[in-house]
Amino acid sequence: MKLFLLCVLSLAWAGQVLPPYTIGTSCEKDPSVNVTNLVVTPWPIYANQNYTFALSVTFTKAELLDQLTLGVKKGVTWHYTFFTINQEYAKGATATFQYSIAGPTSSGSYTDQITLHRPNYSTFACWQFDYVVN
């Protein structure tokens, strides 16, 4: 086990891209979906490089998903990217939303927040993760 951890840490320290894994936590008090997976590639995220996120969910009740929003925060400033979905999902339905976006252009600490919205823009799911770009 120690050897395995040493190998993984050695790759990370050498600047190698690590395999994708689920990251983040819920930021919605009473979500209408269960997030089953969020994979970000490449991980870690690098400056001036596109990255892809794939958010997999299971709906715990029927919902009309109008829009997925990705908010990227650095310091106190947020930048938003909007993706129109306009799709109904039944209770128990599963879906994966995958998008590629431009990565940050400067180093620093970031928070990405993915939210799912109804047509009236009320939020029914939120997932966020933090990262540092060197």
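Coordinate-derived values only; no laboratory data. Just so it is clear, the model here is predicted, and its values are computed rather than measured. Because the Cβ atoms are built from the backbone with ideal geometry, glycine has one as well, and the counts that use them run over all protein chains shown.
Taking the criterion of being among the aliphatic types (A, V, I, L, M), touching a Ser or Thr at 6+ places or on another chain (Cβ under 8 Å) and either free of Cβ contacts under 8 Å to residues at least 40 places away in the same chain or over 19 Å from P31 (Cα atoms) (or both), the residues of the range 60-104 that qualify are V72, A93, A95, I101.
For first residues located in the range 105-134 and part of a strand (DSSP E or B), partners that are basic (K, R) and lie 6+ apart or on another chain with Cβ distances below 6 Å form the pairs G108/K74; Y110/K74; T111/K73. For the range 23-35, the tally of residues that are part of a strand (DSSP E or B) and surrounded by 13 or more Cβ atoms within 10 Å (Cβ to Cβ) stands at 4.
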